[in-house]
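Following: one structure in structure tokens, then a few remarks.
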Amino acid sequence: TAAHCLRKFDNGTFYDPDEIYIALGAHKLTVRGRLEDRVPVREIYVHPKYNKPHVRLWAYDMALIRISRVGRFPNASLPACIPENTLEPHDSQTCIVAGWGKTADSDYSNSLLQAEIPIVSRADCNVKRYWDNYLDRSMLCAGSVRPERSSCQGDSGGPLMCPRDGRRGDPQQWVLYGVVSWGPIDCGDKPGVYANVAGEIKWIK
Ligand code: ARG
């Protein structure tokens, strides 16, 4: 997930494992699914460089949550793979972002939604009219401005997944390359920024 999702609004400390749970196979935000598997959390690891002095704000916006038992993954939910090495997805490759965040007509979506968005190279994202060199290597950029396709407020911590090209006949595999982190308030007018999972694979492992 994103490190900023685990921070408490009131005092900036991070949630403890006993204050949160993981809902596997959840689909509606306000209704507990009949098969939804709620799993207690055993450990939380926030990236050691997140929000540290001399590290820019929003860099390394990443955290790991260890669940307390094997999940059941109901309702056709499945875990995504983590990248095998530090290779990032290709520019303009189409990936999928999912979440319950803000849509064109509501502050959040009650049903889980997904959108296909292209990976944008760090160089293209760092141009002046977009993020003017704010992105470092702990960040990944994705989304399209015309047409506007983007994650938005409330999607944070959610997955940016790209298909792994498998051999013919292999089942499709999805690789988690990004975690929704930040972007423009209006969401579609600049590309969105994601924590770069492949870049931190050593820490993750
Ligand atoms: N920081 C936001 C959150 O906490 C996510 C923003 C994503 N924004 C965007 N324009 N892509 O939910």
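Worth pointing out:
- Verdict on Ala63 being open to solvent by 70 Å² or more (accessible area, probe 1.4 Å) and under 29 Å from Gln172 (Cβ atoms): no
- Residues being of a type outside the set (A, V, I, L, M) and open to solvent by 70 Å² or more (accessible area, probe 1.4 Å) - total across region 118-149: 11
- The sole residue among Ala3, Ala26, Ala59 that is touching a residue at least 60 places away in the same chain (Cβ under 8 Å) and farther than 24 Å from Gly192 by Cα is Ala26.
- The residues listed here are Gly157, Gly188, Gly143; of these, the one that is within 12 Å of the ligand (Cβ to nearest atom) and under 11 Å from the mean Cα position of the chain (by Cα) is Gly157.
- Residues that are outside any loop (DSSP other than H, G, I, E, B) and either under 27 Å from Asn75 (Cβ atoms) or of a type in the set (Val, Ile, Thr) (or both), drawn from region 114-143: Gln114, Ala115, Glu116, Ile117, Ile119, Val120, Ala142
- The test for being more than 14 Å from the ligand (Cβ to nearest atom) and under 19 Å from Asn196 (Cα atoms) does not hold for Ile119.
- Val55 falls short on exactly one of the conditions (1) over 17 Å from the mean Cα position of the chain (by Cα); (2) among the hydrophobic types (A, V, I, L, M, F, W, C); (3) within 15 Å of Pro159 (Cα to Cα), and that condition is (3).
- Applying the condition of being assigned to a strand (DSSP E or B) and out of contact with any Pro (no Cβ under 8 Å at 6 or more places or on another chain) to region 150-172 and asking which residue is surrounded by the most Cβ atoms within 10 Å (Cβ to Cβ) yields Leu160.
The values are calculated or read from the model by the stated rules, or taken from the named source; none is laboratory data. Quantities reported herein were computed from a predicted structural model and do not represent experimental measurements. Glycine also receives a Cβ, built like all others from the backbone with ideal geometry; neighbour counts cover every protein chain displayed. Accessible surface areas use protein heavy atoms only, side chains included; no ligands, DNA or RNA. Shrake-Rupley method; radii C 1.70, N 1.55, O 1.52, S 1.80 Å.
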